[in-house]
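Asker: Input: one structure, supplied below.
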Amino acid sequence: MIRHITIVGLLVALILALSSFALVANAFDPGGPPGGGGIPKVVTGNWEFINYQPTGGSYSPQFEINNENAQWLEMKWLFPYPTNDFSWGNSQAGSSAPVLIVDGVAYVSKNSRAIHAVDAKTGEEVYFTDEPANLWDGPAITAEYPFFQSAWGHTHAMNYYRQFGDSGWLISSSQPCLLSAWNAADGSLAWSIGVETLCGTVAEFGNPDEGIIGSFGSKGRISGQSNHPPAFSGDTMIWPIMGASGGGGRSSIKAFDMSDPNNPVELWQTWLMPDNRGTQKNWAIDACTEANGNGWYFSAPDFFETGKLAINCTEVPDEAVENDWINMKEGTPHFGEVHTASAMSVVWGNYPIDAELGLVYIGTGDVGPYSNASYRFGPNLFGSSIVALQIDTGKIQWWFHSNPHDLWDWDCSWGGIMAKAQGTKVLIKGCKNGMAYALNAATGEPVWVWEAPTTWRTAPGTNYGLDKDGNAGADGEACCRMTKEHMGKDWLNAPDPEPVVWNPWLAGALESDMSYNGKHIFVANYNDPRWTTTGNVIDFGNQASNIQASGHPVNTTIYAVNINTGEADWSAFIPDVGFRGGLMSTGSAVYGYAGDGNLYIFDANTGELVEKKFFGVPVSVMPTIGADSDGKHKIFLHIGGGGGFVYGNTATEGSLVALGLPDVLPEIETIIQEVEVIVERVVEVERIIEVEGGEVIVEKIIEVEVPIETVVEREVTVEIVTTEEIISPVSYVAIGLGVVLIVVAGVLFQRSRIT
């Protein structure tokens, strides 16, 4: 019997000891398994997508680098990017895409689309290919296709798709109507899909009856600002094709069967705008019916006044949404036509997929020119919106219009996170209006809406618009209450007369990837309003220019929004710094970059600033974390160069930096410090009342003064010795229990031998 107990004790001890290490590798992963459907689970220790995994989150479940030891992070190596001569369009040097880490290799997509593969352990280059930059002959293509807006040379993302090829595919942000995949092992071309397959022929572009993106004839433009890489569900590839903001063009989403990538087969195309002929009076009304009533308009005035989360599309009067997008202003050149200068610009964020529901979620770009809404009637449905589509058919399952009749470039195109809130599967989206939305993943109905309290909504023009004479709506109301009165006006953003108007471009901005650790959504809100001026707002194709500061102090606030309550549990104010990029979190820390040259590290539980790592040059791309070939975790980020198309120098390349813990962590010495504490006691007041015959005869007030006391206390810090091996605190408990059981089992075993 004793021997049986001994064996059981040994087995339990061994299981506990081993499981303690498993806790480190298999810590809570908020995204969870994607649920099949050909969507791979990201390998722990890797960072394979711009937001870590297909469901988003920008969270790595590792505890090796944590809130207690991040202060000792040191530079392990620096990889300077060599100069490239890619110069087509508004090209930029360096990289604007977060670094991927896959099986001990760091992958960098340059703004030119060239790819660096770097050994994550040593910083030595594994390979380099500039073939992606050479695939796109900008001048030649734009000469043949006059419908491309001038392309920007930066790329926001690259993803790794391990389910394809012998070594997986690397796909970077697209160039206009060009998608290419590269074999991760050596950087060789896996496949490439060009303009005609993705967007149509030259003839189709210029023919309004063909329904291609440039269906406004010579006026339509496709955005040169590239979208993020596509989403995959099995062999189905989903990719948006967006018009140029301020350059017209229709927007749509396409799906392709990629079982044979050399022969892609189009599965469906879903349009997000009516055609240019203005014949679809009930287009927005019909969208409500087609989504089975699962359409939602967010009305900011109603939210602020009553707390109403959204207005269901079935509750909106038809007259408020009919003639959507159509120019109903008589006497103008395009009366009765779709407002040709409007379009939804590029999709910056990832496209989360829920394989269980069979849905893909896409946030759309802004409507332009956003500084003058005089010629586009109605809510401008699907602009600055969140849309859920059926993967198999492309049918719109639900939509949430976060900024009806957008006047401010407050799009919802950045990032998306699948999570659970209040027991419900939700999609989390943050928008440039300074708000985040938790939406029921199946229906789009909002579970909670959170507004950054530091958003400056009292600036001129931010109160949801003024009319062309500078007058606000009734009682300060404006365009977006979803009534005929407010949707049918000629709204401008400021009282300046045409043709020049002012626009508060970033009065509040969640223009960055959020992070989710299972308990909190971490959000960086850009508090400073900046202004744009726009000239000639009457003609086609105008967009804002001359971005300038408003004079309001530049600052940022980091928030930890509780996933269940939709309220901030803590905030961290960063003065004189503007965050515009994403946040990354791990088991116990939150990381954010800033243009002041610092990597900011916060305690994920309290918001306390743990450390600032100063690099002396701008840091302008979200950091990522992953393990090298030895299993040691490092933080990877770009410093300097064109990595900061906002903060950095676009003419220089910058460098890739890897931060890691020292081989041996320092010991913390015991410190005894005497602290003088001043204690001021409240003066006590005693009332004595003399009573005679039931009546008050006299009332005396006696004040008893208590002197101020000085107390001397001893503040003692406990000696802590850290070692090279860093594991989860829970693991320590498990290991301790395992050791105890092993000892006990050993004693019992010895006794059993004696007996």
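A short reminder: the numbers here are calculations on the coordinates, not readings from a lab. Remember, predicted model here, so these are calculated numbers, not experimental data. Quick reminder, even Gly has a Cβ in these numbers, built from the backbone with ideal geometry, and neighbours come from all protein chains shown.
Asker: What ranking, highest mean first, results for peptides 268-276, 346-354, 314-322, 173-181 when packing means the other Cβ atoms within 10 Å averaged over each residue?
Answerer: On the way: 268-276: 20.1, 346-354: 26.7, 314-322: 16.7, 173-181: 24.1.
Ranking, from highest mean packing down: 346-354, 173-181, 268-276, 314-322.
Asker: Next up: Calculated FRET efficiency, Glu74 and Asp286, Cβ-Cβ r, R0 60 Å, to nearest 0.05?
Answerer: It comes to 0.50.
Asker: Students often get this wrong, so check it: of Lys41/Lys429; Lys308/Lys420; Lys121/Lys429, which have C-alpha atoms separated by over 25 Å?
Answerer: Pairs exceeding the cut-off: Lys121/Lys429.
Asker: Apply 1/(1 + (r/R0)^6) to the Cβ-Cβ distance of Thr122 and Asp166, taking R0 = 22 Å, and write down the FRET efficiency to the nearest 0.05.
Answerer: Details: r = 24 Å, r/R0 = 1.10.
Working from the Cβ atoms, E equals 0.35.
Asker: Provide the FRET efficiency to the nearest 0.05 for the Asp137-Glu315 pair, computing r from the beta carbons and using R0 = 41 Å.
Answerer: Between Asp137 and Glu315 the formula returns 0.20.
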